[in-house]
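The values are calculated or read from the model by the stated rules, or taken from the named source; none is laboratory data. Computed from a predicted model, the values in this text were never measured in an experiment. FYI the Cβ positions are ideal-geometry reconstructions off the backbone, even for glycines, and counts take in every protein chain you see.
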Amino acid sequence: MNVILLGAPGSGKGTMAEILVKEKHLVHIATGDIFRFNIKQQTELGKEAKSYIDQGLLVPDAVTIKMVKDRLQKDDVKQGFLLDGFPRSLSQAEALTKMLSELDLKLDFVLAIDVPEEQIVERLAGRRVCLDCGASYHIVSKQPKDAGVCDNCHGAVVQREDDKAETVLKRLHTYHEQTQPLLAYYEPLNLLRHLDNSGDYQSSYTALREILADFD
Ligand code: AP5
């Protein structure tokens, strides 16, 4: 199964990805995670990406498209992949369509995650993430068992730099301008499936499993 996750910052792409990866054994390709890994390792890619991420802007297409193209050529992708955070612009979507055709890979569906904006701002303000494995928590709705310590790997659980209020607003603006138009790109291809993630985790997981059942 090959899937794209499409949604605003904080809509729950990472949260839904956990289920999809576990239940469908998909290779998880999250461009934000790849950038954060490179920032942590202080690579050239990381230094370039950081300057954009800190401002709530997209990393330039040329950099991002090449990075995803390299990743999609690895053998493990044949078991099924989940693209989380890519594509995010019309030119990325067009480049992806071209690369999938060259690699003889086909998309099964694009999962569009819907959440009202006020809820997104609240969720991101309370989100905390593990510095080591990237697991996501929330100060109210999903706390780690020990405060500040990741349940999975015991790494430090902290606020992401780009989750500060001003950057969140900028990221949302970038989303509306550059990423939301992708809904209109995928709609006529009959690939879109909508998931309402405005309720609690359980109701969203149930809705996701109902969508997945159509592809069994
Ligand atoms: P990226 O890491 O992809 O960030 P994002 O799209 O802004 O998404 P987030 O990771 O913030 O949120 P999410 O949708 O995964 O939500 P989550 O599941 O954590 O990208 C970061 C940056 O990298 C970008 O801004 C850009 O600069 C750059 N970048 C990345 N890809 C790029 C690309 N293709 N091109 C160019 N630049 C790129 O959920 C959020 C919170 O809500 C969590 O606390 C969670 O626990 C909680 N939550 C989720 N669901 C529920 C629920 N049902 N009930 C209660 N709480 C919930």
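When you look at ASP162, is it at pLDDT below 95 and in a helix (DSSP H, G or I), yes or no? Here the answer is yes, as ASP162 does meet what is asked. For segment 12-55, filtered to residues that are of a type in the set (Ser, Thr, Tyr) and assigned to a helix (DSSP H, G or I), the residue that is modelled with the lowest pLDDT is THR15. Residue pairs whose Cβ atoms lie under 7 Å apart, sitting 6 or more positions apart in sequence or on different chains, and linking a residue in segment 122-141 that is more than 8 Å from the ligand (Cβ to nearest atom) to a partner that is aromatic (Phe, Trp, Tyr) and part of a helix (DSSP H, G or I), do not occur here. Return the residues of segment 56-70 that are assigned to a helix (DSSP H, G or I) and of a type in the set (A, V, I, L, M); say none if nothing qualifies. Selection gives ALA62, VAL63, ILE65, MET67, VAL68. Mind checking which residues of segment 52-62 are more than 8 Å from the ligand (Cβ to nearest atom) and either within 17 Å of the chain's Cα centre (by Cα) or of a type in the set (Asp, Glu) (or both)? Of everything in segment 52-62, just one residue is more than 8 Å from the ligand (Cβ to nearest atom) and either within 17 Å of the chain's Cα centre (by Cα) or of a type in the set (Asp, Glu) (or both), namely ASP54. All of VAL121, VAL110, VAL115, VAL140 fail the test of being crowded, with 19+ Cβ neighbours inside 10 Å and either under 18 Å from ILE29 (Cα atoms) or out of contact with any strand residue (DSSP E or B) (no Cβ under 8 Å at 6 or more places or on another chain) (or both), apart from VAL110. Would you mention how many residues in segment 159-179 are more than 28 Å from LEU90 (Cβ to Cβ) and in contact with a Leu (Cβ under 6 Å, 6 or more places away or on another chain)? Adding up the residues that qualify gives 0.
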